[in-house]
Amino acid sequence: RQGIGEPSVYHAVVVIFLEFFAWGLLTTPMLTVLHQTFPQHTFLMNGLIHGVKGLLSFLSAPLIGALSDVWGRKSFLLLTVFFTCAPIPLMKISPWWYFAVISMSGVFAVTFSVIFAYVADITQEHERSTAYGLVSATFAASLVTSPAIGAYLSQAYGDTLVVVLASGVALLDIGFILLAVPESLPEEMRPVSWGAPISWEQADPFASLRKVGQDSTVLLICITVFLSYLPEAGQYSSFFLYLRQVIGFSSETVAAFIGVVGILSILAQTVVLGILMRSIGNKNTILLGLGFQILQLAWYGFGSQPWMMWAAGAVAAMSSITFPAISAMVSRNADPDQQGVVQGMITGIRGLCNGLGPALYGFVFYLFHVELNEMAEVETLGKASRPNMANPTDESSIIPGPPFLFGACSVLLSLLVALFIPEHNLVLRSGSHKKHSNGAQPHTHSPQAGGLDGKEPLLEDSSV
């Protein structure tokens, strides 16, 4: 067996940490390069770049997951990490090529899907949620630490050193996969023939979405996830740029903001979530999380002072309990052989939002003319003050962040839908899910293999 030792969760954890640590280092340089490359329509182009990347990832994830069932996880870990990190050196070589390659890299930017398949290969079903939690916590930890380090190095030594360091970390990750990561999928678990082992139905990104209407409870949950995650996905793509260019945060303040909110989010999802689930129940925890998200988005939308952003960031940390609570509700109430099917629907909805959300936010910013007139004001004169927006209108002076208010309205609709979700008896009325459970799909990570629409190994693997 190639690699060091037996395959373990710790191999997966190192791969995820290094990849997202490299990208986290670039938080500050990327905001500068983005504005310098697209000075007139910064938010619009940012939304389009992340939107294209998200949609390509949504379309390609099931196919890459299916191919990894045939050729093994290691080769696809190498492929996804390489293409995800390929744009990093281009930041200083050619910004236009950098953003073009970022958009196209979405085809392979599905490392999490392959990592979850890797973890599922080597864990028992009762260990899987803990292992997935460790991977997700590692991802959060990498993004809590790296932006602050990147901001400090950028301030002290310049952006070029940060890009070189990020490229080095990415190469280290690739080298670790090549030399240290053992293959998790044994030969006997793979199909014998390489000729036609993949069902195109299995690789269809819309397969999970087509099942949404089969059960009213599942439909309510999926609508709740869509309406609440759409603004969240858009916010992730543009919020740090918004803090830097519209509110006037310095690079160091943005990095500190990421770190503080990240630590608070980890505490909320570990300590606070458990207390709330035991004290007020699963459904009420979801409703409370949505309520915090509405407050957070409204505060971001109307807030124009730095202290307002910090206060809203603390609320944002509390709103992070929503999706884990939804996943827990599904896990507790769905039958064991339906877990992957329902979780896969939710994951498909989130993947779609990762493409639509950034594009929506960028378009709304563009409609309201929310841009910065001079980046130099932020760098030299305006670190402590809020710079003026280009083409100021009555709307932009009253509502600094219009997309966040659109997001608050979307989450309010999500809250109204969530009120009708029954807390128990989450069942798919789609016929027997056990008729093919006699070993047709031997992979240990595919308990839903006997579903109505055949094998869908990636669906459960990509659910957080």
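Assorted remarks:
- Flag for residue 313 being part of a helix (DSSP H, G or I), at pLDDT 85 or above and small (Gly, Ala, Ser): yes
- Qualifying residue in the stretch 329-338 (condition: closer than 23 Å to residue 221 by Cα and in contact with a Ser or Thr (Cβ under 6 Å, 6 or more places away or on another chain)): no
- Criterion violated by residue 319 - all others in (1) closer than 25 Å to residue 366 by Cβ; (2) in contact with a Gly (Cβ under 7 Å, 6 or more places away or on another chain) satisfied: (1)
- Residues located in the stretch 86-98, provided they are outside any loop (DSSP other than H, G, I, E, B) and open to solvent by less than 10 Å² (accessible area, probe 1.4 Å): 91, 98
- Within the span defined as the stretch 107-124, one or more residues are more than 27 Å from residue 164 (Cα to Cα) and either without any contact (Cβ under 8 Å) to a residue 24 or more places away in the chain or outside any helix (DSSP H, G or I) (or both).
- Subset of the stretch 266-281 [among the hydroxyl-bearing types (Ser, Thr, Tyr) and modelled with pLDDT of 85 or more]: 279
- Single unsatisfied condition, residue 83 versus (1) closer than 27 Å to residue 363 by Cα; (2) assigned to a helix (DSSP H, G or I): (1)
- In the stretch 59-85, the residues that are assigned by the TED database to the domain that holds residue 353 and open to solvent by 50 Å² or more (accessible area, probe 1.4 Å) form no Cβ pair under 6 Å with any partner that is modelled with pLDDT of 90 or more and part of a helix (DSSP H, G or I), whether six or more places apart or across chains.
- Looking at 41, 35, just one residue is over 24 Å from residue 113 (Cβ atoms) and either surrounded by 18 or more Cβ atoms within 10 Å (Cβ to Cβ) or among the hydrophobic types (A, V, I, L, M, F, W, C) (or both), and that residue is 35.
- Answer from 230, 165, 209 - the residue that is over 21 Å from the mean Cα position of the chain (by Cα) and either at pLDDT 85 or above or aliphatic (A, V, I, L, M) (or both): 165
- Contacts under 6 angstrom Cβ, first residue in the stretch 233-262 being under 17 Å from residue 314 (Cβ atoms), partner open to solvent by 20 Å² or more (accessible area, probe 1.4 Å) and of a type in the set (Phe, Trp, Tyr), 6 or more apart: 254/240
The rows are residues; the columns are (1) within 21 Å of residue 412 (Cβ to Cβ); (2) open to solvent by less than 30 Å² (accessible area, probe 1.4 Å).
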site	(1), (2)
250	no, yes
269	no, no
275	no, no
289	yes, yes
294	yes, no
307	no, no
315	yes, yes
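- Meets criteria (more than 19 Å from residue 86 (Cα to Cα) and in contact with a helix residue (DSSP H, G or I) (Cβ under 6 Å, 6 or more places away or on another chain)) for residue 148: yes
The values are calculated or read from the model by the stated rules, or taken from the named source; none is laboratory data. All values reported here derive from a predicted model rather than from experimental measurement. Neighbour counts run over all protein chains shown; Cβ positions are idealised from the backbone, glycine included. Ligands, DNA and RNA are stripped out before the accessible areas are found, and what is left, the full protein with its side chains, is counted by its heavy atoms. Shrake-Rupley method; radii C 1.70, N 1.55, O 1.52, S 1.80 Å.
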